[in-house]
Amino acid sequence: MLLLLYTLTFCNHFHTKAEKTLCQMMGDPKYPLLSKEGEATIGGIFAMHSKETLPSFEFTQKPQPLLCSSVNLPDFRLAQIMIFAIEEINRSEMLLPNVSIGYQIYDTCSSRMSSMSATMGLMNGPEFAAGETCNGQSSIHAIIGETESSATVILSRTTGPFKIPVISHTASCECLSNRKDHPSFFRTISSDYHQSRALAYIVKHLGWSWVGAVNSDNDYGNYGMAIFLNTAQKEGICVEYSVKFYRTEPEKLKKVVDTIKKGTAKVIVAFVSFIEMGLLIDQLNILNITGLQIIGVEGWITSTSLITPKSFQVMGGSLGFALRKINLEGFSNYVVKAFWDTAFPCSQIKGNPSQYAINCSIYQDLLALKNYNEDVPEQRYSSHVYKAVYAVAHSLHSLLKCKEQEGCEKGLTIKPQQVVEALKKVNFTVKFGDRVWFDRTGAAVAQYEVVNWQQDYDGSLQFKSVGNYDASLPPDQRFVLNTENIIWARGQLEKPSSVCSESCLPGTRKAAQKGRPVCCYDCIPCAEGEISNETDSNNCKQCPEEYWSNAEKNKCVLKAEEFLSFTEVMGIVLVFFSLFGAGLTVLVAILFYRMRDTPIVKANNSELSFLLLFSLTLCFLCSLTFIGQPNEWSCMLRHTAFGITFVLCISCVLGKTIVVLMAFKATLPGSNVMKLFGPAQQRLSVLAFTLIQVLICVLWLTISPPFPYKNMNYFKEKIILECSLGSTVSFWAVLGYIGLLAVLCFILAFLARTLPDNFNEAKFITFSMLIFCAVWITFIPAYITYVSSPGKFTVAVEIFAILASSFGLLFCIFAPKCYIILLKPDQNTKKHMMGKTYFKT
């Protein structure tokens, strides 16, 4: 209990003592390099020197202050433009008319340690008045800085809890767009989100699909490269390698250069900070790695210190995005006169140092720049610092309720948090025409100039503008590039190629190589019947059913139509034999007509002979219906004409065979056979046999007639124009009926072959039927075989069978008679015809 009371008493005493404790500075105060008092104060943090010398840390005495050396001219110009803008505002009667703005500008010496010291110096102030207590408020209304993204992240995180607005002119890292982590951060430069995407777009626009990627191993490089890689993947760009290094890692740098040397990509995207880029160029020069097309970012692409005759051997033709170059009227003269007369400490103070304990020795290296301003036109970040100063001024103008005639209300206390809220609402136009406002992430709109490293005719090196990118425009109007003005790597006028695999021409498709990026592929020719009519096609398209691919596989053309044509050799030969057979049959008929009264013509019913010759003529001619492009009428005619004419022919032969048999039967005593099969009965039998076939054909044409058909099933590359049978049963019924009559005729003729007569026609009929049956027995399996592989040869086989059987009948039956008529007229007598040479008693 006593211990508890003692503890409570001690805590109460400690709390009472803390309330009365005054603010005390621990260590020596950090003074700004350039400063001016005012009713409102803007802080500035710039790396005006690039090297910092650390004192010895022996812990035996108080460490000496850090020493800075080697002037960083670009950042010194930024400090000057900040003062230039502030003095311009202080002279203005429109903006903060009766309020003076002061400034405190610190030098970070490109060091994180000095950067943190400068930040704390701005937040605390250099010293405290006696008896002043801590009120938690900073005397700074806003801070402009820093130059690098990583340093700006530290600055924003440090000032964030105190709601002090930070406006950066160059920190473009996308990581700073997170309003949760950086609620009071603003920037007059756009986020790298736009630049990284624009890098992918320019690579895509120039037709490069195979690139290498190098970035600084810091927030600026890592975030920017991550966005580029993501966008590149969406745009179909393949990255051969993605490597990174930091300025203090020489071993990593050597590995990066070795990777570049071994790589096959001819285009390198370098999302690198200014310092890292200088180190990379040095290594590329040492190893003499040339001919690479470098694509750069605003961090280094327009750095005049990098473009030298030596670096140009490696970097000549580099292409990249830069901030627009804007000429600030009056600034060039200001940096050589007014600045040194009014703002530079050691130019206006004589004798003892000021209250800030200014030591003029630290300004000696800056004094060397007093009369130099040739670099001013190339300063691309100056306008962004200018905009930042004016953004703070416009915020204060609205917070102090300034009016043009009445001025500003001076009794108001402005807290940094109020400035943050006012900055979110600023919207104004500066004197060179740019509109200043901040989006929801605190960034400005993305506007870039595309520059190209070129050598002029006089040998001077320059950054030539070849295009621009404006994210505020519609997507199809944002990117403009004048490729005809670009000088590429090694001074080439022709754009270099950087692809893993060459483009697949029309007629081929891409096939990915296993285990490699999608940009690495083989070009595979399209299969038969497929085409690709564009470059780098992923798939081949199937041609429509009636089309086929051409030889180049880049166009679908109508399939070749195959049918037995009158104009081709095989068609001409078949037509010739068909007409020759018909003509020969007609000549025989003429010969028989002229010799119609001779015994050899009158024997065995001359009427049937003439009818047989007529049907043979039709048989020869019906083969012509099988030649030519099938149509509806030709398809119906060819099979029915064939069936009817051949039945008519076989019926006549059958009639003649029966007549032979009956004639010899009639010679027997008491026989009355010829009366039963006289001329009338012979005509009737031929008609009856033929009508049966006609009936079959009529039924065929009525139920399911043949029709023209485009057969695309067997041959993919061509269309077979053929006649579909319609009813297969009907077709085989027609053939079967012809076969039945032929077999019957053959049997009867075979039985009558031995009958005695000097001119026994049954022998020739037997032989003709033997040929006929042999032809058609051979035709059936051949036809079935060819039907399984349709085409003009199937039709040719059928025509051959028709012609062969027709010639067989013609020659076997009529050739012996023609021989006697023409060559042996002495045998063309009734006595000779009825001779009994072979009869035995």
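The values are calculated or read from the model by the stated rules, or taken from the named source; none is laboratory data. Predicted model only: the values in this text are computed from it and were never measured. Using ideal geometry, Cβ is built from the backbone for each residue, glycine included, and neighbour counts are taken over all protein chains shown. Heavy atoms of the whole protein, side chains included, go into the accessibility calculation; ligands, DNA and RNA do not. Shrake-Rupley method; radii C 1.70, N 1.55, O 1.52, S 1.80 Å.
Some points to look at:
- Of all residues in region 590-604, those satisfying the criterion of being surrounded by fewer than 19 Cβ atoms within 10 Å (Cβ to Cβ) and in a helix (DSSP H, G or I) are I590, L591, Y593, R594, P599, K602.
- Any hit, region 490-503, residues being touching a residue at least 12 places away in the same chain (Cβ under 8 Å) and not in a loop (DSSP other than H, G, I, E, B): yes
- Reported count of residues in region 417-429, each being touching a Phe, Trp or Tyr at 6+ places or on another chain (Cβ under 7 Å) and open to solvent by less than 10 Å² (accessible area, probe 1.4 Å), is 1.
- Condition check for V729: over 17 Å from V653 (Cα atoms), modelled with pLDDT of 85 or more, open to solvent by less than 80 Å² (accessible area, probe 1.4 Å) and assigned by the TED database to the domain that holds L695: no
- When G583 is tested against the conditions (1) farther than 22 Å from G655 by Cβ; (2) touching a residue at least 24 places away in the same chain (Cβ under 8 Å); (3) not hydroxyl-bearing (S, T, Y), the lone failure is (2).
- Residue in region 334-355 that is aromatic (F, W, Y), open to solvent by 20 Å² or more (accessible area, probe 1.4 Å), modelled with pLDDT under 90 and under 22 Å from L33 (Cα atoms) present: no
- Spans of strands (runs of 3 or more DSSP E) in region 36-112 with at least 3 residues open to solvent by less than 20 Å² (accessible area, probe 1.4 Å) and at pLDDT 90 or above: 40-46, 101-107
- Subset of region 146-184 [of a type in the set (A, V, I, L, M, F, W, C), surrounded by fewer than 24 Cβ atoms within 10 Å (Cβ to Cβ) and assigned to a loop (DSSP other than H, G, I, E, B)]: C173
- Residue match in region 292-304 (condition: of a type in the set (S, T, Y), open to solvent by less than 30 Å² (accessible area, probe 1.4 Å), under 30 Å from K387 (Cα atoms) and outside the structural domain of K387 (by the TED database)): yes
- Number of the condition not met by S532 [criteria: (1) touching a helix residue (DSSP H, G or I) at 6+ places or on another chain (Cβ under 9 Å); (2) buried (at least 19 other Cβ atoms within 10 Å of the Cβ)]: (1)
- Just so you know, in region 373-407 the residues that are part of a helix (DSSP H, G or I) and of a type in the set (D, E, K, R) include one that is nearest to H169 (Cα to Cα), and it is K387.
- Residue tally, condition under 60 Å from the mean Cα position of the chain (by Cα), open to solvent by 40 Å² or more (accessible area, probe 1.4 Å) and of a type outside the set (A, V, I, L, M), over region 605-636: 4
- Taking the listed residues M120, M94, the one that is at negative phi, out of contact with any Lys or Arg (no Cβ under 9 Å at 6 or more places or on another chain) and touching a residue at least 24 places away in the same chain (Cβ under 8 Å) is M94, with no other qualifying.
- Residue check, F764 open to solvent by 30 Å² or more (accessible area, probe 1.4 Å), at pLDDT 75 or above and touching a Pro at 6+ places or on another chain (Cβ under 8 Å): yes
- Answer from L803, L699 - the residue that is modelled with pLDDT of 80 or more, over 60 Å from the mean Cα position of the chain (by Cα) and over 27 Å from V660 (Cβ atoms): L699
- Per-region count, region 242-289, residues of a type in the set (A, V, I, L, M) and either open to solvent by 60 Å² or more (accessible area, probe 1.4 Å) or touching a Lys or Arg at 6+ places or on another chain (Cβ under 8 Å) (or both): 7
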